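Comments concern the structure below.
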Amino acid sequence: MGYLSKGKYDGRDEDGKATGDFTASDSVATLAYGRRAGKKGSIGGSIKMIQSKIESFSATGFALDFSGSLKMNQKMRLAGGIYNLGPSMKFVSESFALPSTLSAGISYNLLSGLTVTADSNYGIEDQKLTLSFGGEIGFAGIATARIGYMPNFFQNKAGNKKPENIDQIAGLGMGMGSNYFLKQASITPSSPWANSALPTTSI
């Protein structure tokens with residue numbers, strides 16, 4: 001389950017006059033399944049029910065995810081997947097496509113407790129390519145620290161090679177986690193959560 005509130009917005013009519021505040025939010029419920037594929041591989045999939053709300057209007061839809069990973073050796077793992085496959089959603093009479101994404105990544109255990117990753121994502125609808133690089137270090141199996149970098153230059157549409165502003169040039173993120181109460185989950189580089197562990201704050 002997931003819920004994201006987008007806060008309050010100032011409402012305006014066609015003449016630009018204030019009509020009062022309104023809110024917007026997104027929510028998702030996910031059912032997932034995964035299994036091993038041979039001795040070195042794993043595959044999985046999920047179905048997501050999605051709802052977006054703007055003021056009193058709402059749009060409901062569903063999406064499918066499919067992914068897999070392959071352990072190349074004791075240090076390196078490859079992963080890939082396709083996410084957010086589904087029909088367009090509609091607010092009243094206006095339809096919009098889901099952000100379907102092709103993803104591939106690699107992780108490498110550089111040293112004991114230190115893992116580096118590289119991740120690529122391609123938006124099927126908007127034709128944007130994103131590359132991310134990051135690393136994670138563990139501390140005695142209790143806590144982890146993460147850092148990631150995203151050169152957003154690659155996010156432009158095909159054929160548009162120049163970034164329009166500083167936000168499209170670079171992004172840097174850091175984070176920390178604890179494994180004290182929960183067993184650490186295995187997240188492949190192509191997982192949607194992998195990106196959230198990389199650049200989370202742009203500078």
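A quick yes/no check of all residues on (1) closer than 24 Å to residue 131 by Cβ; (2) of a type in the set (Gly, Ala, Ser):
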site	(1), (2)
9	no, no
12	no, no
20	no, yes
26	no, no
48	no, no
59	no, yes
100	yes, yes
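List, please: which pairs have Cβ atoms under 9 Å, are six or more places apart or on different chains, and start with a residue in the range 7-28 that is free of Cβ contacts under 8 Å to residues at least 60 places away in the same chain and end with one that is part of a loop (DSSP other than H, G, I, E, B) and among the small types (Gly, Ala, Ser)?
22/56
How many residues does the range 86-107 contain that are surrounded by fewer than 16 Cβ atoms within 10 Å (Cβ to Cβ), more than 14 Å from the chain's Cα centre (by Cα) and either of a type in the set (Phe, Trp, Tyr) or assigned to a strand (DSSP E or B) (or both)?
Count: 5.
Going through the range 33-76 one residue at a time, which ones are among the aliphatic types (A, V, I, L, M) and out of contact with any Phe, Trp or Tyr (no Cβ under 7 Å at 6 or more places or on another chain)?
Step one: of the range 33-76, the residues among the aliphatic types (A, V, I, L, M) are 37, 43, 47, 49-50, 54, 59, 63-64, 70, 72, 76.
Within the range 33-76, 37, 43, 63, 64, 70, 72 qualify.
Read the figures in this text as sums done on the coordinates, not as results from a lab. Quick caveat, the model's predicted, so the values are computed rather than measured. Virtual Cβ from ideal backbone geometry, glycine too; neighbours counted across all protein chains shown.
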